[in-house]
Amino acid sequence: MCGIGGYWSPQNGADENIAKLMLQPLRKRGPDHQGYWLEKNFGIAICHSRLAIIDTSDKGIQPMHSLNNRYVISFNGEIYNHQEIRKNLEKSGYKYQWNSSTDTETILAAIQFLGLEKAITQMDGMFAFCLWDKEDKCLYVARDRIGEKPLYYYINKNLLIFGSEIRVLSKHPLIIKEINYENISEYFDYGFISGDNTIYKNLKK
């Protein structure tokens, strides 16, 4: 199943202790390995809890870095056609020294050679991931078209927090959880909260 989490807090920096706290609710989603990566100067923390399926070796541990060391990713899901993507990259003349048989590495290779937007169009699967571009200093948070894999995010001023579960976001000490009473009313009327809303203000799904 796996789980992802992290935050971008440029004013307060990245804190190792906060990253460890955010990993706690993810342990049940990935019992095989828990890890995190920090870019302290830019306030980036990326967390991952792993359930090893496709490649059970340590080579599949995340957060994972691309071969050119430009990108780091935390990925939850499965890319069904990842072997096909690898073959297409090789047919196009891209040379990549594969380190594992994971679909996570396939995503990184596709992004390295094709760019993020084009790489995503090649992916057939269910996924939620965060990607930090060390060169452009950009953080991307993405999910599959249907939303099969859960992804929650919180934005307030200069703070972005994200994760596979609301409980992951709740571990960040700067999050402000304000009940959105309009959404509660919708829940009682229909049994669910529509769109990208949740029970909290500033916290979306």
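The values are calculated or read from the model by the stated rules, or taken from the named source; none is laboratory data. Worth saying up front: this structure is predicted, and the values here are computed from it rather than measured. So basically every Cβ, Gly included, is an ideal-geometry build from the backbone, and we count neighbours across all protein chains shown. Heavy atoms of the whole protein, side chains included, go into the accessibility calculation; ligands, DNA and RNA do not. Shrake-Rupley method; radii C 1.70, N 1.55, O 1.52, S 1.80 Å.
Filtering the stretch 1-33 to residues that are under 17 Å from residue 60 (Cβ atoms), open to solvent by 40 Å² or more (accessible area, probe 1.4 Å) and within 14 Å of the chain's Cα centre (by Cα) leaves only 1.
Considering every residue within the stretch 25-33, establish whether at least one is in contact with a Ser or Thr (Cβ under 7 Å, 6 or more places away or on another chain) and assigned to a loop (DSSP other than H, G, I, E, B). Among the residues of the stretch 25-33, at least one is in contact with a Ser or Thr (Cβ under 7 Å, 6 or more places away or on another chain) and assigned to a loop (DSSP other than H, G, I, E, B), which makes the answer yes. The residue that is farthest from residue 20 (Cα to Cα), counting only those in the stretch 156-192 that are β-branched (Val, Ile, Thr) and within 23 Å of the chain's Cα centre (by Cα), is 176. Restricting attention to the stretch 186-205, the residues being surrounded by 11 or more Cβ atoms within 10 Å (Cβ to Cβ) and of a type outside the set (Lys, Arg) number 10.
Total residues in the stretch 74-101 satisfying the condition of being open to solvent by less than 50 Å² (accessible area, probe 1.4 Å), at pLDDT 95 or above and assigned to a loop (DSSP other than H, G, I, E, B): the figure is 1.
Any residue in the stretch 52-61 that is in contact with a helix residue (DSSP H, G or I) (Cβ under 7 Å, 6 or more places away or on another chain), open to solvent by 20 Å² or more (accessible area, probe 1.4 Å) and outside any helix (DSSP H, G or I)? Scanning the stretch 52-61, I find at least one residue that is in contact with a helix residue (DSSP H, G or I) (Cβ under 7 Å, 6 or more places away or on another chain), open to solvent by 20 Å² or more (accessible area, probe 1.4 Å) and outside any helix (DSSP H, G or I), so the answer is yes.
If you go through the stretch 124-155 and keep only what is under 20 Å from residue 79 (Cα atoms), over 10 Å from the mean Cα position of the chain (by Cα) and open to solvent by 80 Å² or more (accessible area, probe 1.4 Å), you end up with 124, 145, 146, 148.
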